[in-house]
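J.: Let me give you the structure first, and then I'll get to my questions.
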């Protein structure tokens, strides 16, 4: 795949399950140029909503930190942006959300109407870009991704990104059970190959990846046994 890919590994945890899925997707893509970034390791301040990037220095944020160069040299010039985040309180991780908030500087203040007649902002520098969502969830039901999916779709609309697909894996605890998700891992790599070939992940492959593989009651028992052991270890500490 001869395109510039910028991947954001948005979990604050090292060696997270979400990053494992991201790496599998990238291995299927085999992009010629790919950079993976960890927002939690970058010095990125919160957007202040000062609107200096609209009126004082159009297209350039007034905050001077790592996001200044990152937005200009990476996000703005990428062909593909991959957002990888676990579901945290029904949405993106705080670290990844902070990056998205600072993308505000890409938008022109003047409003336009989109194809549905809704108000949108234009981009200061219009460019064809595609985004992919990769997420894992600690609950067993895939419906828990719905708030995040809606947010991702809105981000794609507002930043004028084409929606390239969603890699969603519920029951994340099964990722630590040997062999439990081998077929899903293969499907994630297949999704990467599909994206490299067509520019999006097929609905069929997304369905295979997000399919629930364990009943909620059974999953609850398995996870609770693990947490109960963890709690006992903590209680036994001097």
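J.: How many residues, within region 212-237, are surrounded by 14 or more Cβ atoms within 10 Å (Cβ to Cβ) and either in a helix (DSSP H, G or I) or under 19 Å from the mean Cα position of the chain (by Cα) (or both)?
T.: Matching residues across region 212-237 total 3.
J.: Which count do you get for residues in region 162-185 that are in a loop (DSSP other than H, G, I, E, B) and either under 23 Å from residue 126 (Cα atoms) or modelled with pLDDT of 95 or more (or both)?
T.: Residues that pass the stated criteria total 3.
J.: Could you figure out which of (1) touching a strand residue (DSSP E or B) at 6+ places or on another chain (Cβ under 7 Å); (2) within 20 Å of residue 155 (Cβ to Cβ); (3) in a loop (DSSP other than H, G, I, E, B) isn't true of residue 59?
T.: (1)
J.: Please find, within region 14-51, the residue that is surrounded by the fewest Cβ atoms within 10 Å (Cβ to Cβ) out of those that are part of a loop (DSSP other than H, G, I, E, B) and touching a strand residue (DSSP E or B) at 6+ places or on another chain (Cβ under 8 Å).
T.: Among residues in region 14-51 that are part of a loop (DSSP other than H, G, I, E, B) and touching a strand residue (DSSP E or B) at 6+ places or on another chain (Cβ under 8 Å), the one surrounded by the fewest Cβ atoms within 10 Å (Cβ to Cβ) is 51.
J.: Then there's this: Hey, among 188, 201, which residue is part of a helix (DSSP H, G or I) and touching a strand residue (DSSP E or B) at 6+ places or on another chain (Cβ under 7 Å)?
T.: 188
J.: Among (1) buried (at least 21 other Cβ atoms within 10 Å of the Cβ); (2) more than 14 Å from the chain's Cα centre (by Cα); (3) on the phi > 0 side of the Ramachandran plot, which single condition is residue 165 missing?
T.: So residue 165 meets the others, but not (2).
J.: Can you pull out every residue in region 190-211 that is surrounded by fewer than 17 Cβ atoms within 10 Å (Cβ to Cβ) and under 18 Å from residue 180 (Cα atoms)?
T.: Of everything in region 190-211, those that are surrounded by fewer than 17 Cβ atoms within 10 Å (Cβ to Cβ) and under 18 Å from residue 180 (Cα atoms) turn out to be 207, 208, 211.
The values are calculated or read from the model by the stated rules, or taken from the named source; none is laboratory data. These numbers were taken from a predicted model, which means no experiment stands behind them. Please note: Cβ atoms are built from the backbone with ideal geometry, for glycine as well, and neighbour counts cover all protein chains shown.
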